[in-house]
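**Q** Mind having a look at this structure? Questions to follow.
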Amino acid sequence: MTGIFTENQAKQLLGPHHDALYTCVTNAFARWAKHGMKLVSRPDAGFRSHLMQQFMVDEARKRFGNVPGVQIFERKNDDDEPNAGRFLVSFDDQVLVQFKKFDPDFKTRNYPTPAAIRFDGQESLPNIPGGTRLSVGYQLDATGFDLASVAVVCQGLYRPNWWYELEDPSGRIAILPPAEPLRPAQVRAKEQLDLVFDKGKEKG
């Protein structure tokens with residue numbers, strides 16, 4: 001695929017939708033914290049990721065189902081392609097957004113199916129509309145109980161082409177940008193370690 005959007009182009013196109021995209025993620029996490037983690041006694045990371053995915057998709061349906069210039073595309077799994085299911089939001093027929101969890105390097109936490117690799121590599125796929133493929137999603141902090149970052153990411157075949165973090169709709173930066181060279185999730189990990197170290201010194 002040619003003509004991949006730059007970060008500035010994406011910000012210009014998605015700017016009117018930033019608040020809604022941010023809220024899709026944060027509302028999903030709030031629903032997970034309030035309801036999801038109570039469904040089982042010891043939820044693991046896979047269970048959390050699956051529910052977060054479903055909550056983000058549900059929030060996106062509510063917010064983008066009747067917005068001019070925005071279309072929702074859903075493809076279900078089938079017997080021939082059990083991992084072909086996909087939920088995408090198209091903006092002005094130029095950008096396709098999926099909702100995902102990110103690792104500390106802002107790579108999507110996908111099972112590397114051929115379709116997922118081609119999607120992240122900005123390649124065309126059967127029955128998938130054209131446009132730059134972007135991922136909107138989240139990183140968790142070191143504890144796994146809070147958000148470290150909500151971001152828009154343009155994935156590449158091996159690493160993200162670019163990414164930027166979304167802000168709280170109130171105008172406050174929801175997640176403070178990390179100081180180099182630490183990434184957002186690493187910042188939270190460092191804070192947790194510093195806290196443990198300080199408590200240890202107090203006891204000593």
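**Q** With the structure loaded, tell me whether residue 59 is touching a strand residue (DSSP E or B) at 6+ places or on another chain (Cβ under 7 Å) and among the charged types (D, E, K, R) or whether it fails that test. Working first, answer last.
**A** On the way: touching a strand residue (DSSP E or B) at 6+ places or on another chain (Cβ under 7 Å): no; among the charged types (D, E, K, R): yes.
No.
**Q** Right, something else. Does at least one position in the stretch 97-115 carry a residue that is without any contact (Cβ under 8 Å) to a residue 24 or more places away in the chain and over 23 Å from residue 58 (Cα atoms)?
**A** Start the filter on the stretch 97-115 by keeping residues that are without any contact (Cβ under 8 Å) to a residue 24 or more places away in the chain, which leaves 110, 112, 114.
Checking the rest, the ones that are also over 23 Å from residue 58 (Cα atoms) come to 112, 114.
Yes, the stretch 97-115 contains a residue that is without any contact (Cβ under 8 Å) to a residue 24 or more places away in the chain and over 23 Å from residue 58 (Cα atoms).
**Q** Additional query: Given the conditions (1) within 18 Å of residue 87 (Cβ to Cβ); (2) over 18 Å from the mean Cα position of the chain (by Cα); (3) of a type in the set (A, V, I, L, M), which single one is not true for residue 37?
**A** (1)
**Q** Out of curiosity, is residue 147 modelled with pLDDT under 85, within 22 Å of residue 19 (Cα to Cα) and aliphatic (A, V, I, L, M)? Can you show your working first?
**A** Working: modelled with pLDDT under 85: no; within 22 Å of residue 19 (Cα to Cα): yes; aliphatic (A, V, I, L, M): yes.
No.
**Q** A follow-up question, please. May I ask you to list the residues in the stretch 105-115 that are under 17 Å from residue 161 (Cβ atoms) and crowded, with 17+ Cβ neighbours inside 10 Å?
**A** Just the residues of the stretch 105-115 that are under 17 Å from residue 161 (Cβ atoms), to begin with: 105-108, 110.
Within the stretch 105-115, 106, 107, 108, 110 meet the criteria.
**Q** Within the stretch 118-127, which residues are surrounded by fewer than 13 Cβ atoms within 10 Å (Cβ to Cβ) and either part of a helix (DSSP H, G or I) or among the polar types (S, T, N, Q) (or both)?
**A** As a first pass, look at the stretch 118-127 and keep what is surrounded by fewer than 13 Cβ atoms within 10 Å (Cβ to Cβ): 124, 126-127.
The answer is 124, 127.
The values are calculated or read from the model by the stated rules, or taken from the named source; none is laboratory data. This is a predicted model, so every value here is computed, not measured. All Cβ positions, even for glycine, are placed from backbone atoms using ideal geometry, and neighbour counts span all protein chains on display.
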